[in-house]
Ligand code: ATP
């Protein structure tokens, strides 16, 4: 568990994080989103003990990061936004080098590296990291993050710069890590990915927390749900027409039920029923700009 209590971070004149309270629960994937400069990376770095908060407290697994950062870092895997690799080393050499820094015995390290690269579907183990594609490099960086089998993963834009297929692979890989019991905090700009994998989402704006909740709760309080009924009739009716069907839309389920009764009473042909829900992207745009999407 990660707990931020009244965390503020000021860089000279910039207030990067402003009185932030946040809890990441064991076993969940928490998504941290916000515009460029909202304070996401600063927040992650304070959780890791890489930056000291101006005020407030970071607790990791119930222990104070300010006092026990060396001990706590063992339990955390950190994937920075940019992960330059040592380009003249092969993938295996690079990972063995880091395993050595983590003081993993070499046999155990070799086995762990094999397992990790298998699970990440990275076959190019003897190629220099400088020769790898962006996606392969990101996978090597992810393997490095997992070498010491951390309990908590802090990932700064894990999908940054990746093509859609590799992104999707990484996203599903994170789901698998959650199933293995890891707790994951990630920042991301791709809101579709956040919506797809995160149990809860935190939205930051100018360093302040705007929302922290499950997607369902966020949709319920800030989004829209609309019921749609598609039907056909030979009669000329006053409903919206789309591709040969009439369409009835309402945010109320009771209105939809009433429409179904009407359709049945008139012997019109029901074609389809659908529920449309706001995507996180719509809600985010609305929150940030005040505009309806
Ligand atoms: P992005 O999505 O662009 O990565 P972010 O949400 O991660 O942005 P941060 O990098 O945490 O945002 O930056 C928050 C604010 O703090 C910004 O205004 C940024 O300019 C400022 N900032 C970040 N690092 C420093 C620093 N080392 N010195 C001074 N100001 C900084």
For this session: Specify, per residue and in Å³, the volume enclosed by the convex hull of the alpha carbon atoms belonging to the chain.
Result: 167 Å³
For this session: Would you kindly state how much longer the chain becomes between residue 57 and residue 176 on full extension, computed as 0.36 nm times their sequence separation minus their alpha carbon distance, in nm to one decimal?
Result: 39.8 nm
Seminar exercise, completed: Once residue 25 and residue 206 are pulled to full extension, the length gained, defined as 0.36 nm per residue separation minus their Cα-Cα distance, is 62.8 nm
Seminar exercise, completed: Burial-style ranking of 233-241, 260-268, 107-115, 34-42, average other-beta-carbon count within 10 Å with highest first, yields 34-42, 107-115, 260-268, 233-241
Exercise. For the Cα atoms of the chain, what angle does the longest principal axis make with the long axis of helix 106-119, in degrees from 0 to 90, nearest 10?
Worked result: 20 degrees
Problem set entry | Within the chain, helix-based [θ] at 222 nm, where runs of 4 or more DSSP H residues each add -39,500 (n - 2.57), nearest 500 | -11000 deg cm²/dmol
For this session: Along Cα→Cβ, 7 Å out, is where each label goes; now give me the distance between the ones at residue 226 and residue 128 in nm to one decimal.
Result: 5.6 nm
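Find the relative contact order for the chain and round it to a whole percent, using C-alpha pairs within less than 8 Å whose residues are 6+ positions apart.
20 percent
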For this session: Express the relative contact order of region 1-121 as a whole percentage, based on alpha carbon pairs under 8 Å and six or more residues apart in sequence.
Result: 21 percent
Exercise. Considering only DSSP beta bridges whose two residues both sit in the chain, what percent are antiparallel, to the nearest 5?
Worked result: 70 percent
For this session: Determine by what factor the alpha-carbon radius of gyration of region 225-277 differs from 2.2 N^0.38 Å, reporting the quotient.
Result: 1.04
Exercise. Cα axis of helix 91-101 to longest principal axis of the chain: angle in degrees, 0 to 90, nearest 10?
Worked result: 70 degrees
For this session: Pop a pseudo-label 7 angstrom from the Cα along the beta-carbon direction at both residue 254 and residue 118 and give the gap in nm to one decimal.
Result: 5.9 nm
For this session: Run the quick spin-label model on residue 11 and residue 286: label points 7 Å from Cα toward the beta carbon, then report their separation in nm to one decimal.
Result: 3.3 nm
For this session: Just subtract the alpha-carbon distance of residue 81 and residue 163 from 0.36 nm times their residue separation and send over the number in nm, one decimal.
Result: 27.9 nm
Seminar exercise, completed: Here the relative contact order (percent) of region 225-277, from C-alpha pairs under 8 Å and at least 6 apart, is 53 percent
For this session: May I ask for the angle, rounded to the nearest 10°, between helix 280-289 and the longest principal axis of the chain, with both axes built from Cα atoms and the value confined to 0 to 90°?
Result: 90 degrees
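Any read-out appearing in this document is the output of simple, stated calculations on the displayed coordinates, not a laboratory observation. This structure is a prediction, so every number in the text was calculated from the model and none was measured. As a convention, Cβ positions derive from the backbone with ideal geometry for all residues, glycine included, and neighbour counts pool all protein chains shown.
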